[in-house]
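**Student:** Pasting in a structure now, in structure tokens, and then I'll have a few things to ask.
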Amino acid sequence: MKGDRVEIVVDAGDTTRAYEVVASRAGRRVETAVRRGVVEVSEVTRSGSVVRTARFMANRVLALVEHPVPRIEESEAAGERPLRDDPRS
């Protein structure tokens, strides 16, 4: 979903570098995969088309942090309020 992001910290020899992949538009999401020693972070559309991909050698990745956007529950999206906050009770 828009706003999802993944932060990647990579060992670059004598220093570290931080990269960030963000779902920049509505309906896009960020997917992470580790295959054959390569960490792949991709921004993907609703239909599954890859918009952009960042690839890193797995043995150089120090940290991989996913920051999902909080999701709205169906009752809140429909404008209903949960029973515990109902002023009538």
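Derivation of every value follows stated rules applied to the coordinates shown; laboratory data play no part. Source: prediction; values computed, not measured. Counting neighbours? That spans all protein chains shown, and the Cβs are built from the backbone with ideal geometry, glycine included.
**Student:** Figure the gain on full extension for Lys2 and Val38 (residue separation times 0.36 nm, minus the Cα-Cα span) and round it to one decimal in nm.
**Tutor:** 10.4 nm
**Student:** Using every alpha carbon pair in the range 5-77, what percent of pairs falls into each 10 Å bin from 0 up to the bin containing the largest distance?
**Tutor:** Bins of 10 Å from zero give 18, 44, 27, 9, 2, 0 percent of pairs.
**Student:** Here is a further query. Starting from the 7 Å offset along Cα-to-Cβ, what nm value, one decimal, do you get for the label separation of Val69 and Val50?
**Tutor:** Between Val69 and Val50, the simple spin-label model gives 2.3 nm.
**Student:** Between Val9 and Asn59, what is the spin-label point distance in nm, taking each point 7 Å from the Cα along the Cα→C-beta axis?
**Tutor:** Once both label points are built, they end up 2.1 nm from each other.
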